[in-house]
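What follows is a set of notes on a single structure, which appears directly below.
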Amino acid sequence: MTDTVQCWLVERSFGDRNLVTVVYATEDGELYRQQERSEHAVRRSPVTAGAEFPAGELEETPDEETRERYAAEARRTAESYEPDEEI
């Protein structure tokens, strides 16, 4: 069985080519996962406040400033929403 890690939405951006980039991070900001999804995919399966990912699919946050920002945003999201709430 694969260990999963609870992560929280910390960033969402809309780019050209109809792609939505979402970033989920752990509450300490140490690990994150970035996903690009089409706008169509987001309409079918909306972005939620939280998501669980296999530990091996997470990356280390590259620098202290980003780590602190991700941690603050992840804590705010975790305090304000249930993991399966759409935001």
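The values are calculated or read from the model by the stated rules, or taken from the named source; none is laboratory data. Every value quoted in this text rests on a predicted model; they were computed, and no experiment measured them. Note that each Cβ is placed from the backbone with ideal geometry, even for glycine, and that neighbours are counted across all protein chains shown. Please note that ligands, DNA and RNA were not included when accessible areas were found on the heavy atoms of the full protein model with its side chains. Shrake-Rupley method; radii C 1.70, N 1.55, O 1.52, S 1.80 Å.
Considering the zone a paramagnetic label at ARG17 would reach in this model (a point 7 Å from Cα along the Cα-to-Cβ line), which residues of segment 28-70 have amide N under 14 Å from it? Only 35-39 pass the distance filter.
Average projection, convex hull of the Cα set of segment 10-61: 3.8 square nanometres. Mean separation of Cα pairs under 8 Å and 6 or more residues apart, divided by the residue count, gives the chain a relative contact order of 37 percent.
The chain gives an Rg/Rh value of 0.96, both radii derived from C-alpha positions and Rh following Kirkwood.
What is the percent carbon and sulfur in the accessible area of the chain, measuring with a 1.4 Å probe over the protein chains and ignoring ligands? For the chain, the apolar C and S fraction of the accessible surface comes to 42 percent. Each Lys and Arg contributes +1 and each Asp and Glu -1, all at the Cβ; summed about the Cα centre of segment 23-69, the dipole is approximately 520 debye. For segment 1-45, the solvent-accessible area works out to 65 Å² per residue, with a probe of 1.4 Å and every protein chain left in place.
When ARG17, ARG12 are compared by accessible surface with a 1.4 Å probe, the order from highest to lowest is ARG17, ARG12. Measure nothing but the geometry: give the 0 to 90° angle between the long axis through the Cα atoms of 64-80 and the longest principal axis through the Cα atoms of the chain, rounded to 10°. Orientation of helix 64-80: about 70 degrees from the principal axis.
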